[in-house]
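The values are calculated or read from the model by the stated rules, or taken from the named source; none is laboratory data. Since we're looking at a predicted model, the values are computed, not measured. Please note: Cβ atoms are built from the backbone with ideal geometry, for glycine as well, and neighbour counts cover all protein chains shown. Heads up: the accessible areas ignore ligands, DNA and RNA and are worked out on the full protein's heavy atoms, side chains in. Shrake-Rupley method; radii C 1.70, N 1.55, O 1.52, S 1.80 Å.
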Amino acid sequence: MRRIPLFSSVIRTALPLAAAALFGLGLCTPVAAQPVANPVASFAGLDKITGRITRFDVYIDETVLFGALEVTPRACYNRPATETQRVSAFLEVDQRSLNGASKRIFTGWMFADSPALHAIDHAIYDVWLIECKTSTDVPPPDKRD
């Protein structure tokens, strides 16, 4: 009885050539879930002095004031419902002083499933990402009076 090797020399040379040809045609590309951009980021904020937690929705590129913090989300992404959820937002946070001047205290990505990974370091306030939304009850900035 003759034993046939698992990968004969023909297969060893033909398989990489076939994979290279398929990759060149775009038929063998890795599958990755494309993030879904959302127009609204939902946050929770903690006032450490009063112990009050407030949930608030912010439109992308809108600035809201939470205590002395100006929170401006620039992007909010999640994955399609068929994928493992990973919610992330890029935001800028400024601290407003008593004379009205602002100082940037945070710029970066925040992740809903790991709020402590890139946290806002402030003595009085904590802000963390809850979710990205397609809509909210809050009227858009251009529709407010």
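Quick one: is ASP61 at positive phi and either part of a loop (DSSP other than H, G, I, E, B) or surrounded by 10 or more Cβ atoms within 10 Å (Cβ to Cβ) (or both)?
Working: at positive phi: yes; either part of a loop (DSSP other than H, G, I, E, B) or surrounded by 10 or more Cβ atoms within 10 Å (Cβ to Cβ) (or both): yes.
Answer is yes for this residue.
With respect to ALA89, determine if the residue is in contact with a Pro (Cβ under 9 Å, 6 or more places away or on another chain) and of a type in the set (A, V, I, L, M).
Working: in contact with a Pro (Cβ under 9 Å, 6 or more places away or on another chain): yes; of a type in the set (A, V, I, L, M): yes.
So ALA89 fits the description; yes.
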Query - Count of segment 45-58 residues which are within 12 Å of TRP128 (Cα to Cα), hydrophobic (A, V, I, L, M, F, W, C) and surrounded by 15 or more Cβ atoms within 10 Å (Cβ to Cβ) - result: 2
Query raised in the report: Using beta carbons and a limit of 6 Å, which pairs, at least six apart or on different chains, have the first residue in segment 102-131 and under 18 Å from VAL87 (Cα atoms) and the second one of a type in the set (Ser, Thr, Tyr)?
Result: TRP109/SER88; PHE111/SER88; ILE130/SER42; GLU131/SER42
Report task. Count, please, the residues in segment 79-108 that happen to be within 17 Å of the chain's Cα centre (by Cα), of a type in the set (D, E, K, R) and open to solvent by 70 Å² or more (accessible area, probe 1.4 Å). Result -> 3
Query raised in the report: Pairs, please: C-beta under 7 Å, at least 6 apart or cross-chain, first residue closer than 18 Å to ASP61 by Cβ and in segment 83-95, second in a loop (DSSP other than H, G, I, E, B) and open to solvent by less than 20 Å² (accessible area, probe 1.4 Å)?
Result: VAL93/ILE120
